[in-house]
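**Q** Below is a structure I'd like to ask you about.
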Amino acid sequence: MKNTIIKVLFALLVLQFAHANPVKDSISSFTFQKMQLDAALDFDCDACGCSASGGSMGFSSMLNANFVGLRYFYQSYTSRDGIFANSPWIDENFNTTQVWAKIPISDKVQVTALIPYHFHNRELATGTDQISGLGDVTVMATYTLFKTQKDSTVFTHNLQLGGGVKIPTGKFKAANNLGTVNQSFQLGTGSWDYLLLTEYVIKKKNLGLNTMLNYTFKTENDKNYQFGNQFNYGSTLFYLLDLKSIQVVPQIGLAGEVYGQNKQYGTGVQNTAGDILFGKFGFEIGKDKFSLGVNAMLPVNQNLANGAIEANYRWSVNLNYTL
């Protein structure tokens, strides 16, 4: 299944580059130049890493290079209510409303900030368990290492490197982890975590391909608990449709997440490592200084917590205002 999807994406890429039409000169403030660095930087953590504070829903807009906005995203999981093989399966729902912004500091430096508010729930055998509150605030900076200067070239390239920090503003309660497989039912990790990332965008006229890699280093919190480090990777194919009064950007791609084992008092916690591959698709619509985005992700292959956690799907909607 995974190989088939990769082949389809590659075929779409070749076909679109071969037949892409020139971009109109009259594209409004949502120009394709703005899109070069905005194709979903995918980091933070999910089912095996922390409190679902961002995940692979992405941290950039396809239409707004610099913006402030509001986003809601939902993640559905099914997991064991207990540590035994015959423990019942339960539904877990991770909801996040997030204020996010991407602000230019100079021609080569941009700063991104994310302020999440979580309201999660799960259906235990003993009743519904709910938590809500401020999540971990994340601040990141990226530097443009290389950027093609001439628009008339056949292909243009843009390479960014960066890093950031996740501040432990969300509460971590050890009691939330007792007797449950999913250790991520938290508002935050309770720890200072650090991010490294790189992103590469290649485009031809109104067609582009974004590829990203990033790694998150997790540290031990004051409850002697440490979530495992996380590696994210992904590639997104996107296309600009300029319809005069509005711009529409459909997108399709793959995103993967690899989670290291959690530790408690320096000892590894069983069934906390894992990996998952998602297929993702969505679109953004832009008019004047506003844009509306909708995205969804479906698992292609997964092995979370040794099979004790299953990701069902994710989706998000966002409204942005161009700065």
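No lab work stands behind these numbers, since they all come straight from the coordinates. Please read these numbers as outputs of a predicted model, since none were measured by experiment. FYI the Cβ positions are ideal-geometry reconstructions off the backbone, even for glycines, and counts take in every protein chain you see.
**Q** Fully extended, how many nm does the chain gain between residue 154 and residue 174 (0.36 nm per residue separation, minus their Cα-Cα distance)?
**A** Gain on stretching residue 154 to residue 174: 1.7 nm.
**Q** Of 120, 157, how do they rank once you tally other Cβ atoms within 10 Å and put the fewest first?
**A** In order of increasing Cβ crowding within 10 Å: 157, 120.
**Q** Given 4 °C and 1.567 mPa s, compute D for region 271-323 with the Stokes-Einstein relation, Rh being the Kirkwood radius over Cα pairs; round to the nearest whole µm²/s.
**A** Answer, rounded: 99 µm²/s.
**Q** So between residue 267 and residue 290, what do we pick up on full extension, going 0.36 nm a residue minus the alpha carbon distance?
**A** 3.4 nm
**Q** Taking θ = phi - 60°, what integer Hz values does the Karplus form 6.51 cos²θ - 1.76 cosθ + 1.60 yield along region 113-125, in sequence order, with x for Gly and Pro?
**A** The phi angles translate into 10, 9, 10, x, 10, 9, 9, 10, 8, 8, 9, 7, 5 Hz.
**Q** Within region 102-118, name every residue whose backbone N is under 18 Å away from a label modeled 7 Å from Cα of residue 165 along the Cβ vector.
**A** 110-116
**Q** Give, in whole angstrom and from largest to smallest, the semi-axes √(5λ) of the equivalent ellipsoid of region 86-140, with λ running over the eigenvalues of the Cα gyration tensor.
**A** 37, 11, 7
**Q** Using the Karplus equation 6.51 cos²θ - 1.76 cosθ + 1.60 (θ = phi - 60°), what ³J(HN,Hα) coupling, rounded to whole Hz, does each residue of region 189-199 give in order, writing x for Gly and Pro?
**A** With the stated coefficients, region 189-199 comes to 7, x, 10, 7, 10, 10, 10, 10, 8, 9, 9 Hz.
**Q** Convex hull over the Cα atoms of region 163-245, averaged projected area in nm²?
**A** For region 163-245, the mean projected area of the Cα convex hull comes to 8.3 nm².
**Q** Now, a different point. Could you give the spread of the C-alpha atoms of region 153-201 along their three principal axes, from largest to smallest, in whole angstroms?
**A** 58, 21, 12
**Q** Further, regarding this structure: Under the 0.36 nm per residue contour assumption, what length would be gained going from the current alpha-carbon distance of residue 231 and residue 313 to full extension?
**A** Full extension from residue 231 to residue 313 adds 27.5 nm.
**Q** With a point put 7 Å past each Cα toward its Cβ, work out how far residue 243 is from residue 78 in nm, to one decimal.
**A** 3.7
**Q** Given a Förster radius of 30 Å and the C-beta distance between residue 147 and residue 70 as r, what FRET efficiency does 1/(1 + (r/R0)^6) yield to the nearest 0.05?
**A** Efficiency computed from Cβ-Cβ geometry: 0.55.
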